[in-house]
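Step one of this worksheet: look at the structure below.
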Amino acid sequence: MKQTLLFLLLLTLHTVHSQEQQEAYIIQADSTWGKEIIKFPIEWAPKLTLEGYEELTFAPEWSKENHDDFWSIIMTWRVKTNQEIPLYELEYNLLHYFDHLMKPNYWAQEFPLPEAEFKAPITTETGTEYEAQLTFFDGFHTGKVITTYILGQQIFNQATEEAIIIFKISPKPYTEAIWEKLNAQTIITGFKKD
């Protein structure tokens, strides 16, 4: 019995270690920030058009409604693509993601679909950058509709046929201190634009 439990424990540790090697962390954050990795495609979001994985990086108090960290996260997608993903496609995937992320929930049976408003992107030396606002039903913490601000970036690498898409998200305006914390988290993969 003890040998079986030991074998299962070692197998589990090997599987977790192997998964982390295949899906290396993208964002470096201090140890107080939470992390989660989700492979694409996602079963609960069947209309997502992306293949790769997502890394979620959560501010320490992201789940507390009255805290400055509330709903402050960095959502990073590392996806296969042979070209930079157009903004309309990023918007489609983000809306579909948030629509299905909140279903089902115990707050309400019916709620409005998420809405996004993206500003025109700016091309820089490191990639494409953009600002947006995303309004969605918070089925995790409050049961209310909330509006968040997004600072986004896409870095496309033709040689590897991959893109990293970063969404820094918070309901606080860009002038608030949480944005210093969000912007202090950096890319650690060495991934560069062609």
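Residues of region 83-98 include at least one that is hydroxyl-bearing (Ser, Thr, Tyr) and either within 19 Å of Glu55 (Cα to Cα) or touching a helix residue (DSSP H, G or I) at 6+ places or on another chain (Cβ under 8 Å) (or both). If the condition is being aromatic (Phe, Trp, Tyr) and within 14 Å of Tyr88 (Cα to Cα), then region 117-169 contributes Phe118, Tyr130. Each residue in region 28-42 was checked for being in a loop (DSSP other than H, G, I, E, B), among the β-branched types (Val, Ile, Thr) and either under 12 Å from the mean Cα position of the chain (by Cα) or under 26 Å from His96 (Cβ atoms) (or both), and 1 pass. Only strands (runs of 3 or more DSSP E) whose full extent lies in region 100-176 are considered here, and the ones with at least 2 residues that are open to solvent by less than 70 Å² (accessible area, probe 1.4 Å) and in contact (Cβ under 8 Å) with a residue 40 or more places away in the chain are 127-137, 145-157, 162-170. Do the conditions hold for Leu50, that is, is it part of a loop (DSSP other than H, G, I, E, B), out of contact with any His (no Cβ under 6 Å at 6 or more places or on another chain) and over 29 Å from Ala159 (Cβ atoms)? Here the answer is no, as Leu50 does not meet what is asked.
The values are calculated or read from the model by the stated rules, or taken from the named source; none is laboratory data. Everything numeric here is computed off the predicted structure, so don't read it as measured data. As a convention, Cβ positions derive from the backbone with ideal geometry for all residues, glycine included, and neighbour counts pool all protein chains shown. Ligands, DNA and RNA are stripped out before the accessible areas are found, and what is left, the full protein with its side chains, is counted by its heavy atoms. Shrake-Rupley method; radii C 1.70, N 1.55, O 1.52, S 1.80 Å.
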